[in-house]
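Visitor: Quick one: the structure is below, questions incoming.
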Amino acid sequence: VWDLLMAAVPTNEDKNQYVDDGVDGFLAFGFRPGSEAKQPYRLCLPEKLPGEFTIAATFKPMSLRTSYLFAVLNPFDTIVQLGLRIS
């Protein structure tokens, strides 16, 4: 199991990320527009994913704008190699 929230731990420096109560009172991270949680993918994911895997997410969009809830980019941040797009 790989926990992608470990890549999104809010810091005092980023006012666009915050800690909140999630489903059933569990810890959740909130992201305001403009937030970026960047980590090298190898800190959060294995070198190669299994042939079948699941990404589970609970989210509450605040706008109708198309965006990515989660994305793995190439080293140049130009191509989304794996992502969860909300549209």
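Visitor: Taking just the alpha-carbon atoms of region 4-86, what radius of gyration and Dmax come out, in angstrom?
Guide: Using the Cα atoms of region 4-86, the pair Rg, Dmax is 13.6, 38 Å.
Visitor: Sequence-distant or interchain residues sharing an amide H contact under 5 Å with Val72, placed H: which?
Guide: Long-range HN contacts for Val72: Gln81, Leu82, Gly83.
Each reported figure results from applying straightforward, stated rules to the coordinates on display, with no laboratory input. Predicted model, so just to flag it, every value in this text is computed and none were measured.
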